[in-house]
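Quick notes on the structure that follows.
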Amino acid sequence: MSSTKNSLANKAQAWSARFNEPVSELVQRYTASVGFDQRFALVDITGSLAHAEMLAKQKIISAQDLADIQKGMAQIKTEIEAGQFNWQLALEDVHLNIEARLTELIGDAGKRLHTGRSRNDQVATDLRLWLRASVDEISDSLTLLRSAFLNLAEKHAGTIMPGHTHLQVAQPITFGHHLMAYYEMFTRDTSRLADLRARFNRLPLGAAALAGTTYPIDREQVAHALDFDGICNNSLDAVSDRDFAIEFCAFASIFMMHVSRLSEELVLWLSPRFGFIDLPDRFCTGSSIMPQKKNPDVPELARGKTGRVYGDLISLLTLMKSQPLAYNKDNQEDKEPLFDAVDTVQDTLRIFGDMVPHIEVKAEVMKAAAEEGFATATDLADYLVKKGLAFRDAHEAVAHAVKACVGRNCMLTDLSLAELRFACGLDSRPELLGDDVFELLTVEGSVQSRQHAGGTAPEQVLRAIKQARSELK
Ligand code: ARG
């Protein structure tokens, strides 16, 4: 980015007539946003064209002015897309850079573009247009990720693993059921995104600096041209509201929180201590010192990046705290945290969308782990309850049996029927425990018996997947 010399910037700032001296170089650097708000270039042009069309239709500028503006903007767009646009720090931001170039190209018509508009409503419009396009991309990527979860869950509807609470083996579940839990989380994230999009898809232009404008503008026309669902109702709010950026970062934080939970599980499952899964080498890295290592860098980084997205949310909340109405230059600081949150979410979605279908499941290891740790103890208690024992008594009886097995270093299913009756303290009531209990104490029997909506039985998982598929379309 060149800072001045020959060019437009030398002709001084758009606002400089009121000043006796130019800003210092440090102030120029401190206050400029063009280094990062260049990302708005194309939406800035789109917004300007819609504004100019409205000005011409309302006879605020001439048809010739409009034609000149359209021609100039077409050239500027080409220059930007070709990477040939000369961005100048001295011109402060994306808006003044484009406007100055327009005037250089087409003369006076360029100077009339800003009629009835301020950079305050212009930047608020750019932000919304830019974020809207990002939200739509993210929503599509979320749909892809959700469908990757459905496919993997379908493949593993009957794959048995230990379910945990407190990271202790709790009860057997199916891996498909576990994956569908993430499907639910990402589905709620998708709906949060749609909610916030609907709230912010409104046009700020027309608010001008803060109080509106004296020209006979038609805001509805501009809103329609830019695919907004309507206009911002209040001009002060239109230029100063950044709720939508905060809402996006709140969405992003919750989404990343979900990703971090998944990541933590992937890291655990990939550890040889668990050994439940493998990931293709392209998602892992080695160690420069320990030749045997295969590190799950992608999930670890996603876990780490969650923190920076929370930081983006806190930055924006703090930025907006106590700001008096209406626009304040503080608001220029809204962009980098928002860009960072969008970029991080997009990259994370891309990489997980690519990785999830390639999670390699070691079904025998998962099943063996589910068979350890008395995961079916609750099933035994439920069995006794169905035979007539009160749940508390059943719980105690099974606890005795587990204790006996721990002492003998064996599993519940290793006991004979007589031994099990004795271990439960139920040898005097043989009618409570029959041979049919052993089928139930297997991990397969345990998951099979959870046959209700939202349960872990393979049929229920398949039903949930079918339902989800119909909603995903
Ligand atoms: N670059 C500014 C921003 O991002 C544009 C709006 C400037 N408005 C002003 N009154 N100085 O917020």
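Could you grab me the full set of residues in segment 145-162 that are among the aliphatic types (A, V, I, L, M) and more than 12 Å from residue 363 (Cα to Cα)? Reasoning before the result, please.
Initially, segment 145-162 is screened for residues among the aliphatic types (A, V, I, L, M), giving 145, 148, 150, 152-153, 157, 160-161.
Within segment 145-162, 145, 148, 150, 152, 153 meet the criteria.
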Next item on the list: Answer with yes or no whether residue 163 is in a loop (DSSP other than H, G, I, E, B), surrounded by fewer than 21 Cβ atoms within 10 Å (Cβ to Cβ), small (Gly, Ala, Ser) and more than 16 Å from the ligand (Cβ to nearest atom).
Entry: no
Notebook entry, point to check: Among the residues of segment 69-105, which ones are within 13 Å of the ligand (Cβ to nearest atom), β-branched (Val, Ile, Thr) and either assigned to a loop (DSSP other than H, G, I, E, B) or out of contact with any Phe, Trp or Tyr (no Cβ under 8 Å at 6 or more places or on another chain) (or both)?
Noted result: 98
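Examine segment 444-459 for a residue that is assigned to a helix (DSSP H, G or I), small (Gly, Ala, Ser) and surrounded by 12 or more Cβ atoms within 10 Å (Cβ to Cβ), and state whether such a residue exists. Break it down stepwise before answering.
Within segment 444-459, the first condition is being assigned to a helix (DSSP H, G or I), and the residues that meet it are 444-448, 458-459.
Imposing the further condition that a residue be small (Gly, Ala, Ser) reduces the set to 445-446.
Now narrow it down to the ones that are surrounded by 12 or more Cβ atoms within 10 Å (Cβ to Cβ): 445-446.
Taking every residue of segment 444-459 in turn, at least one turns out to be assigned to a helix (DSSP H, G or I), small (Gly, Ala, Ser) and surrounded by 12 or more Cβ atoms within 10 Å (Cβ to Cβ).
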Notebook entry, point to check: Hey, does segment 395-411 have a residue that's more than 27 Å from residue 158 (Cβ to Cβ), touching an Asp or Glu at 6+ places or on another chain (Cβ under 7 Å), aliphatic (A, V, I, L, M) and in a helix (DSSP H, G or I)?
Noted result: no
Notebook entry, point to check: So which residues in segment 319-337 are within 11 Å of the ligand (Cβ to nearest atom) and in a helix (DSSP H, G or I), if there are any at all?
Noted result: 329, 330, 331, 332, 333, 334, 335, 336
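Quick one: is residue 21 of a type in the set (D, E, K, R), more than 16 Å from the ligand (Cβ to nearest atom), surrounded by fewer than 22 Cβ atoms within 10 Å (Cβ to Cβ) and at pLDDT 95 or above?
On the way: of a type in the set (D, E, K, R): yes; more than 16 Å from the ligand (Cβ to nearest atom): yes; surrounded by fewer than 22 Cβ atoms within 10 Å (Cβ to Cβ): yes; at pLDDT 95 or above: no.
Spelling it out, it is not the case that residue 21 is of a type in the set (D, E, K, R), more than 16 Å from the ligand (Cβ to nearest atom), surrounded by fewer than 22 Cβ atoms within 10 Å (Cβ to Cβ) and at pLDDT 95 or above.
Quick one: in segment 106-124, which of the residues that are touching a Phe, Trp or Tyr at 6+ places or on another chain (Cβ under 7 Å) and of a type outside the set (Val, Ile, Thr) is farthest from the ligand (Cβ to nearest atom)?
Keep residues of segment 106-124 that are touching a Phe, Trp or Tyr at 6+ places or on another chain (Cβ under 7 Å), which gives 115-116, 120.
Now drop any that are not of a type outside the set (Val, Ile, Thr), which leaves 116, 120.
On the way: 116: 16, 120: 5 Å.
Taking the candidates together, the pick is 116.
The values are calculated or read from the model by the stated rules, or taken from the named source; none is laboratory data. Treat the numbers as computed from the prediction; the structure is a model and nothing was measured. Please note: Cβ atoms are built from the backbone with ideal geometry, for glycine as well, and neighbour counts cover all protein chains shown.
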